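Remarks on the structure that follows.
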């Protein structure tokens, strides 16, 4: 079961360093171009299916990719980004530490959701090559669970980066 993780294209909110969480997000023109440029490398992999976060920025990314790949797409909340709760929409510059609010999804809950996603793939698509379109932090979480390490041990993914598990 080859599983490939793909981070959505750049959004306006990425540029502004906004914690998007479950916000829809708006792909930038550069983000759309990143996605289109990445499709040629995706075409060389014999994908059977796309599993995609049901958040709009990932749906928009999948649509651009699938204009070429023409694969079945299943949208799932299992691939959503971390829910930042009341911190959603805050600007974080990458240096400033914020206090994670009590209403944010916990790291333990994200790990469980990553385990649930990997189990779902293993149970339902054991012989398929899957392209999973998700979000930066949650892609790192999936990789961490798969490798048995902490999220901080996984190098952040750039927009439209592809990694194979």
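Read the figures in this text as sums done on the coordinates, not as results from a lab. Small disclaimer: the values here were computed from a predicted structure and weren't measured. Methodologically, a virtual Cβ is constructed for each residue, glycine included, from the backbone with ideal geometry; neighbour enumeration extends over all protein chains shown.
Please order 45, 35, 155 by the number of other Cβ within 10 Å, starting at the fewest. Walk me through the intermediate numbers first.
Numbers: 45 13, 35 25, 155 10.
Ascending number of Cβ neighbours within 10 Å: 155, 45, 35.
Pairs of alpha-carbon atoms within less than 8 angstrom and 6+ residues apart define the contacts here; what relative contact order does region 3-164 have, in percent?
Numbers: 287 pairs, mean separation 58.3, N = 162.
Relative contact order of region 3-164: 36 percent.
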Review point. Using the 10 angstrom Cβ neighbour count as an exposure proxy, how do 76, 123, 160 rank, fewest first?
Key: 123, 76, 160
Study note, to complete from the structure: Footprinting proxy, 18, 55: sorted fewest to most Cβ within 10 Å, the residues are 18, 55
Practice item. Match the structure shown to one of the listed values (1) 43, 35, 24; (2) 58, 37, 29; (3) 46, 40, 30 of Cα extents along the principal axes in Å, computed from it, and give that label. Key: (1)
**Study point:** For region 34-72 and region 91-146, distance of Cα centres in Å
**Key:** 19 Å
